[in-house]
Amino acid sequence: MSDQRLAGKVAWVTGAGSGIGRATALRLAAEGASLFITDVDAPGGRATADLIEAAGGTVQFRGQDVTEEDRWAELATKVVTLFGRLDILVNNAGIGLRGSITEMTLEDWNRQLAINVTGVFLGIKHCLPVLRANTPSGGSIINLSSIVGHVGAGNMAAYSATKGAVTLLTKSVALECAAARDGVRVNSVHPGIIDSAFWPKLGAGADGNGISGQAVGQMAPVGHPGTPEDIAAAIAFLASDDARYMVGSGLVIDGGWTAQ
């Protein structure tokens, strides 16, 4: 991180109030980027901003529900007003609900689609023109998918469907940008079992019991879960010029889970 390979760049991270989003914001700031972070969880987002500022970084936090298009349009203008540009968008905000497909409510199904897929679509729609303003240097869009965007998972059909959608949305937009020669690279990251607050929350709406990331992670070939910092390191790579020839790729970080 000492080479400051993101110096002079501006990065927007959604869902930055905890977990992978927080770790990503801290990593990008440590590598020299100025951060624009958003989250529906205002206390969590402000806490992340405080951590970045305490480490000497530059950051602005705004509350955001990623399903609201008007808010995306407003904030896409705001980031340019505050920083003059946008170079990196990390579509990280997402939720996971588990349970049998026959028992899942339409409300829960639609909620996952709205946050996990529509939120990513809106981020790309409203931020791509801002990134294209940097042509020919363009920028980088990194969408958070999952290993279940590649392989199925029992009792997680709705979540898997959303992450599969993000996987192919990423590839399709990547090809659109490549054809436009706009310099914007679009890639996805596919975490495996990461020890974060995501897992305890995953039980809600099914049997009411939370899941331990530590326990599930022990079933990975390496015998333990990953950390949010493992994913943040991959995102920082994709955000940097070190990944300048990666277009439409899906970077899997899963301790060997999908190699089985």
Of all the C-alpha pairs in the range 1-89, what % are more than 15 Å from each other? 52 percent
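What area, in nm² and to one decimal, does the C-alpha convex hull of the range 28-151 cast on average over all directions?
9.1 nm²
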Calculated on alpha-carbon atoms, Rg and Dmax of the range 59-107 in Å: 15.9, 49
Post the alpha-carbon centroid distance, the range 132-154 to the range 161-181, in whole angstrom. 7 Å
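Tell me, rounded to the nearest percent, the portion of alpha carbon pairs in the chain spaced more than 22 Å apart.
Numbers: 17455 of 33670 pairs.
For the chain, the share of Cα pairs beyond 22 Å comes to 52 percent.
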Would you mind getting the accessible area per residue of the chain, heavy atoms of the protein chains only, 1.4 Å probe, in Å²? 43 Å²
Give the peptides 183-191, 26-34, 48-56 in descending order of average Cβ contacts within 10 Å, highest first. 183-191, 26-34, 48-56
Carbon and sulfur %, accessible surface of the chain computed with the full protein complex present, 1.4 Å: 54 percent
Helix 69-83 vs. the chain, principal-axis angle (Cα, 0 to 90°, nearest 10): 40 degrees
Find out how many positive minus negative residues lie around N134, taking Lys and Arg as positive, Asp and Glu as negative, among other residues whose Cβ is under 15 Å from that of N134. +3
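The values are calculated or read from the model by the stated rules, or taken from the named source; none is laboratory data. From a predicted model like this one, the values you see are computed outputs, not experimental measurements. Cβ: placed from backbone, ideal geometry, glycine included. Neighbour counts: every protein chain shown. SASA here: full protein model, heavy atoms, side chains in, ligands and nucleic acids out. Shrake-Rupley method; radii C 1.70, N 1.55, O 1.52, S 1.80 Å.
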